[in-house]
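To keep things clear, I will list the structure first and then write my remarks on it.
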Amino acid sequence: SDLASAQMGRVDETAMMAGFFPAFLLMLVLYLFVFGWVAVTWHRFILLEEYPGILPAFNGGPILNYIGKTILLALLMLLIAIPISFVFGLIAAPLMMSGGGFVFGLVIGLIIGTILTWFWFRFAIVLPATAVGRPMKLGQGWAATRPLSGDIFFMAVILAGLNIAATAIVTPISIGMPVIGMILNIAVSWVTLMVGASILTTLYGHLIEGRPL
């Protein structure tokens, strides 16, 4: 009977996971769509002075291209993150075991976050280019941001630090008060989206269109 109960438990768990995956996939698609819609509207508002109505204009082509380029960038960032995380994991493990794990964890998190944020902004200038219908290749984005690579790194340090601080505040709240935590997570995600879109728009306007900072 114990064996049967265990088997039934595994069956129930499998069924639950099978039901969870489509819901998760649907939420991911919805999130990407809303993200692309808002970001494209913001880029076009600043760069093309295209004023939205009550609802942002739906530019199907640019939005779909924007989402596709975002997914490509996310895969690229994953490829970059794997070796970086592996190397810093090897460095951090003995240090964290010797004491001061929390502090070392914050430092390592800040370093990795800074590096990945720097890479993201070096490449992601292709996103506003896609939004305004002037697509760029990833290599072109990397080359275009070279003149401001140092400034982008300094900005990446600040953003990574703010992200760690936000996570440190929201995580305990999410554990104790899930609903409030969910609301805070949505708010943080929205602020992150708008800050990132604004920075990319500014970089594109300055480096590609020659606008003053």
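General remarks:
- For Phe121, the conditions (1) of a type outside the set (Lys, Arg); (2) at pLDDT 90 or above; (3) touching a Phe, Trp or Tyr at 6+ places or on another chain (Cβ under 8 Å) all hold with the exception of (3).
- Cross-chain or 6+ apart pairs with Cβ under 9 Å, the range 169-190 first and in a helix (DSSP H, G or I), then among the hydroxyl-bearing types (Ser, Thr, Tyr) and surrounded by fewer than 12 Cβ atoms within 10 Å (Cβ to Cβ): Ser189/Tyr31
- Neighbours by Cβ (under 6 Å, 6+ apart or cross-chain): first from the range 53-73, among the β-branched types (Val, Ile, Thr); second open to solvent by 60 Å² or more (accessible area, probe 1.4 Å) and modelled with pLDDT of 70 or more: Ile63/Trp37
Conditions tested, residue by residue: (1) of a type outside the set (Gly, Ala, Ser); (2) free of Cβ contacts under 8 Å to residues at least 40 places away in the same chain.
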{"residue": "Phe123", "(1), (2)": "yes, no"}
{"residue": "Val132", "(1), (2)": "yes, no"}
{"residue": "Lys137", "(1), (2)": "yes, yes"}
{"residue": "Ala143", "(1), (2)": "no, yes"}
{"residue": "Gly150", "(1), (2)": "no, yes"}
{"residue": "Val157", "(1), (2)": "yes, no"}
{"residue": "Ala160", "(1), (2)": "no, no"}
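- Scanning the range 132-145 for residues that are part of a helix (DSSP H, G or I) and surrounded by 12 or more Cβ atoms within 10 Å (Cβ to Cβ) turns up Leu138, Gln140, Gly141, Trp142, Ala143, Ala144.
The values are calculated or read from the model by the stated rules, or taken from the named source; none is laboratory data. Note that the coordinates shown come from a computational prediction; the quantities given were computed from them, not determined experimentally. Glycine also receives a Cβ, built like all others from the backbone with ideal geometry; neighbour counts cover every protein chain displayed. Calculation scope for accessible area: heavy atoms of the full protein, side chains included, ligands and nucleic acids excluded. Shrake-Rupley method; radii C 1.70, N 1.55, O 1.52, S 1.80 Å.
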